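No lab work stands behind these numbers, since they all come straight from the coordinates. The structure presented is a predicted model; accordingly, all values stated were derived computationally and were not measured. All Cβ positions, glycine included, derive from the backbone under ideal geometry; neighbour counts span all protein chains shown.
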Amino acid sequence: MSSRMFQSVIMQMKEASNRLIGVIDGEGNVIAASEPSGLGDRWEDAAHRLNSANEMVTVTGGKTFKALTNWSARFDYAVFVDGEDDLAKSLCIMACVALNGAKTNYEEKHDRATFVKNIITDNILPGDIYIHAKELHFVTDVPRAVFLIRQVDKVDVAAMDVLQNMFAEKQQDFVISVNETDIVLVRQVQPGSDGKELQSVAKAIEETLKSELFIKTVIGIGTVANHIRELADSYKEAQTAIEVGKVFDTEKSVINYENLGLGRLIYQLPTTLCEIFLSEVFKKNSIDSLDQETLYTINKFFENNLNVSETSRKLFVHRNTLVYRLEKIKKITGLDLREFDHAIIFKVALMVKKYLDSREGPVRLG
Amino acid sequence: MSSVTMKHIYKKYAGGVIAVTDFNLDVEDKEFIILVGPSGCGKSTTLRMIAGLEEISEGELYIDGKLCNDVPPKERDIAMVFQNYALYPHMTVYENMSFGLKLRKTPKDEIKRRVEEAAQILEIEHLLDRKPAALSGGQRQRVALGRAIVRNPKVFLLDEPLSNLDAKLRTQMRSELTKLHKRLDTTFIYVTHDQTEAMTMGSRIVVMKDGIMQQVSTPQDLYQNPVNLFVATFIGSPSMNKLEGSKLTEKDGHTYITFGNENENATVQLPDEIGRKPAVLEHIGKEVVLGIRPEHIHDEDIYLKNYPEYKFTATVDNVEPLGAQTNLFLLIGDQQATAVVDPTTTAKMGDRIEVTFEADRVHLFDPETEKCIDL
């Protein structure tokens, strides 16, 4: 934030009052003042009082202070006015209103987070990215990961507070609210960071939000962007990860675009092609002729690597019962799930059906 | 009062995955109960259902006798502690502990009182002005616990909170958590995949596998009387030896068991209190799995003299001296077994040695259902 911007507002206010008015930063440094002699002073005690105070205005050391609004639990900037009387208090509140407005305007134009938000939402021309990056002294070619944090079932505005405080390094991490439910974290990562590290960051976010606010989230992770211009793609990948996860990995809460596997392929297929595939696989009978119990048996059989003994144990049925069920499935569908080729066709067909159901509600084919 | 009751709870996901099946449990007031099982067994899902973070597909959940299926998580009066706890890096310990209360607009004086009280319980009063970077792993863990304690919840839900710590710290924190439970005198529901944590901390343990509760009991009872092969091998370290393909026979009104393979085997008479149980008699002539705990196999002379009827010969495949005990890895025919013996043993790798076992402490399992047949 430019101290010149604060100084300009303060100088305008000087015309309305003879009192000393100024601004301190989070460390207690005086960065703007109506009397230039005070610039550069450091009031650590006042900064400490402001951080621990809950009151609207704080009075200490013969001065009245009020913090400017921000997302963090700690203040970034605060206005001060000389004196502890009611007039000082009123002036302080009025100066705060004026400076908050100026700050918002400034941030919209120059704030790095806004800049990043414009990039990920494709709200900036590619040529302008470089110009703005230069103006903001923004390093363009460091690896950054994009996490899309979506609140499900219930939304809590305090989620933004929690994330801003978890990732408080403002030069490297950007927490951006994109809509009612979605928050994006753009985080600078070490070169060569792998999916495991990103997963662990996502887990920490998920668990912190759960324990602090009792909110449930789904987190999509895009591929690491090595250049600032790739952030938009990474954001879209994070969105895709959540969408694909909603179809194929309903029990997962953290989904990495790089680990979508077959789901990613199927998700990109045209629905007509999927319908043709299902009709081709289930020539004899519809997949819908399989009841829930049979589908459960099939899923368990796949989970246990087509092992009849292991699956029957997990299903608490006799081996022969399972063999009978598999024969029945063969009769209905023409596919013998004990054979690898047939099993893989069936597995893909089940995924395709899930995808079609998610797109248009249950489909009946075959 | 802070009891938790779960009746016929199911968790079914949209994709057809059933994470929890027919879960029934009564957690008593002030109990320290552990849910243990391998990853993917549904223990964390169960915990999340108690917290209200996961919808219950079927069944009923009661907290303090009140049906809570549709009660929002914030109104359940619970606190959660996770493995991947994140402390706010730029805040002091005091601010970290008070942040959640600030978000809930708790009055400042009340925040101060609660944080100081929690800090005293956790013995971290001297750290309140420090930032997380200046704390050790154990101290950070205590701060994470502190964030939960300041809420004064009825029930603490802990999801593998020690998994990120190194082995030494984990051991230390285990005992600290046990003490903390006593000090707070409230209900703890603790999820872990580590059977040692389960055995050392819980007043009762729930063993889970594939979303199904296998057994609920005290640590000692689970160890001594496992209901199935999974519980028998999951609880205990080194785990229980299972000699597959063992065969039960009957002669002169006694039951005998033969284990090993065709070339090398041993036949011993089972004590009648095991061998003559009706369920065991039903398996005469059939194959069973013989389960023997490693500490019940001995090579010491005194045991060889006391249990001569259970003697058999085995090949020493490896020797692992651990100071207080020595682990012998034995080959009985082509089957492997571990024996925990006295460190003075002279057995060496490749030796053929005589060993015996405490036959009154063995277990027999049906190889098909894996259920224990001698209970």
Note, ³J(HN,Hα) from phi for the stretch A:289-300, Karplus 6.51, -1.76, 1.60, rounded to Hz, x at Gly and Pro: 6, 8, 7, 4, 5, 5, 4, 5, 4, 4, 4, 5
Rounded FRET efficiency, nearest 0.05, which uses the C-beta distance separating residue A:169 from residue A:41 and R0 of 35 Å: 0.85
Convex hull volume of the Cα atoms in the stretch B:4-234, per residue, in Å³? 130 Å³
Gaussian network model of chain A, Cα springs within a sub-10 Å range: biggest mean-square fluctuation belongs to which of A:98, A:241, A:16? A:16
Would you give the gap between the C-alpha center of the stretch A:114-138 and the C-alpha center of the stretch B:35-75, rounded to a whole Å? 45 Å
Charges only on Cβ, +1 for Lys and Arg, -1 for Asp and Glu: so what's the dipole of the stretch B:4-234 about the Cα centre, in debye to the nearest 20? 700 debye
Hey, got the average number of other protein chain Cβ atoms within 10 angstrom for residues in A:154-164? 2
On alpha-carbon atoms, Rg over Rh for chain A using Kirkwood Rh? 1.17
Which shape class, rounded, prolate or oblate, goes with the protein assembly as shown when its Cα gyration tensor gives a ≥ b ≥ c as root eigenvalues, a/c under 1.5 marks rounded, and past that a/b bigger than b/c marks prolate? prolate
Average beta carbon contacts from partner chains per residue of B:61-73, 10 Å cutoff: 1
Averaged over residues of A:288-301, the number of beta carbons from other chains lying within 10 Å of each residue's Cβ is 1
Measure out, as a whole number of angstrom, how far apart the alpha-carbon centroids of the stretch A:314-339 and the stretch B:284-342 sit. 41 Å
Using 0.36 nm per residue, how much length does the chain from residue B:311 to residue B:267 gain when fully extended, once their Cα-Cα distance is taken away? 14.9 nm
Alpha-carbon centroids, the stretch B:163-235 and the stretch A:143-192: separation in whole Å: 35 Å
21 Å tail of the calculated P(r), the stretch A:107-212, as % of Cα pairs: 37 percent
Suppose the chain between residue B:125 and residue B:349 were pulled fully straight at 0.36 nm per residue; how much longer would it get relative to their current alpha carbon spacing? 75.2 nm
